[in-house]
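Below is one structure, written out as structure tokens, with a few remarks after it.
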């Protein structure tokens, strides 16, 4: 049976924790609003880019197509680009992305393919390092950036393009969490090299005029598409992270409240039991006289 | 007047979306005007001003820095690498942009990158010149 002082201490510490989780929830809610706006504002550009690319790609075919669309003709070496958060305490956010990446990596390995992993974000790196320490070729740290933006995405895209041009891998897949709502974030895998041409885009039969020429346009457009898709992943991730943190902290606050209630009842009960016991002692002492 | 659907999108936001009569686009091979029924076209853009003429207003002007325009039978879309309302642009913004490109040239690794960035720089300087003259006039 814990003493009254123990119980008081325990209640005080749970209350302190509750204050922290409450504060974290509110911070996450404020950040979520900005992150969500950024993610939603970036969507139209990425979508239009996809449409334009799909229209263009239907025009180029065969061996003349650039390697970023057609691929290298092999899928032996697979690159997984895993985007996660830099901070924890956001529910299953990081682990669900890492799990998706891990399953994919294991499946590819079972097929006898080589897997290379680039981690963006410390948390995913920490999780994947345990199992794939030898496959991780780079860890990109974005901790110093308060708000990820175009510059970050461009740097990552440049890095990947250089590797691709050096023939370090054949296929690249991007892992991130799509922001659906505060309570629903969907871990997603998206193939970025060769570029994924969305199925079912209506084929415009129009034959395009190109200015300057087709090859040159695709040459600038494809790397740019890569940047945009990575940027979109980063922004969706930022919104998902805050959403996940908000709901995780909300339930933590609620759990703390429940615990406080339970402990308080226990505290009051044992206090009353003590008083009753003392009264009995006094009365029976007086009777004995 | 015949109108067509036009969208101007930058990575941060949609700058314009709606029906327009004509759009003047700064393509790399010179300015061109897109009217309804224009032949399908894809062109890359240089630094410059996009002039949008709608039916009711006197026209809107936007600053774009690189990107591409796609014209097809239904819609015209500009994907700008960087886009702003022209009212939000002043010499300070342009100078800041020129400075970023200059630092990036200094940090560029390959000759190809350097050449590409240098082209952007030339375009920006040219645009700044034009912009200042416009303001003076």
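If I ask for residues that are in contact with a strand residue (DSSP E or B) (Cβ under 7 Å, 6 or more places away or on another chain) and either part of a loop (DSSP other than H, G, I, E, B) or within 15 Å of residue B:67 (Cα to Cα) (or both), which ones from the stretch B:17-31 would you list?
Result: B:21, B:24, B:25, B:26, B:27, B:28, B:29, B:31.
So which residues in the stretch B:85-114 are part of a loop (DSSP other than H, G, I, E, B) and more than 14 Å from chain A (Cβ to nearest Cβ)?
B:89, B:90
Can you name the strands (runs of 3 or more DSSP E) wholly within the stretch A:119-228 that have at least 3 residues being over 22 Å from residue A:55 (Cα atoms)?
The strands (runs of 3 or more DSSP E) meeting that bar are A:136-140, A:171-179, A:185-193.
Output the number of residues of the stretch B:51-71 satisfying the condition of being part of a loop (DSSP other than H, G, I, E, B) and surrounded by fewer than 19 Cβ atoms within 10 Å (Cβ to Cβ).
The total comes to 6.
So, in the stretch A:33-52, exactly how many residues are touching a strand residue (DSSP E or B) at 6+ places or on another chain (Cβ under 9 Å) and more than 11 Å from chain B (Cβ to nearest Cβ)?
Counting residues in the stretch A:33-52 that are touching a strand residue (DSSP E or B) at 6+ places or on another chain (Cβ under 9 Å) and more than 11 Å from chain B (Cβ to nearest Cβ) gives 3.
Among (1) at pLDDT 85 or above; (2) within 14 Å of chain A (Cβ to nearest Cβ), which single condition is residue B:11 missing?
(1)
Yes/no matrix, rows are residues, columns are (1) closer than 30 Å to residue B:98 by Cα; (2) touching a residue at least 60 places away in the same chain (Cβ under 8 Å); (3) within 14 Å of chain A (Cβ to nearest Cβ):
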{"residue": "B:26", "(1), (2), (3)": "yes, no, yes"}
{"residue": "B:38", "(1), (2), (3)": "no, no, yes"}
{"residue": "B:41", "(1), (2), (3)": "yes, no, yes"}
{"residue": "B:48", "(1), (2), (3)": "yes, yes, no"}
{"residue": "B:53", "(1), (2), (3)": "yes, no, no"}
{"residue": "B:61", "(1), (2), (3)": "yes, no, no"}
{"residue": "B:73", "(1), (2), (3)": "no, no, yes"}
{"residue": "B:83", "(1), (2), (3)": "yes, yes, yes"}
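Could you grab the pairs with beta carbons closer than 8 Å, sequence gap of 6+ or different chains, first residue in the stretch A:131-159 and closer than 22 Å to residue B:108 by Cβ, second one exposed (fewer than 14 other Cβ atoms within 10 Å of the Cβ)?
Listed pairs, sorted by first residue: A:152/A:145.
The values are calculated or read from the model by the stated rules, or taken from the named source; none is laboratory data. Keep in mind the model is a prediction, meaning the values are calculated, not measured. Glycine also receives a Cβ, built like all others from the backbone with ideal geometry; neighbour counts cover every protein chain displayed.
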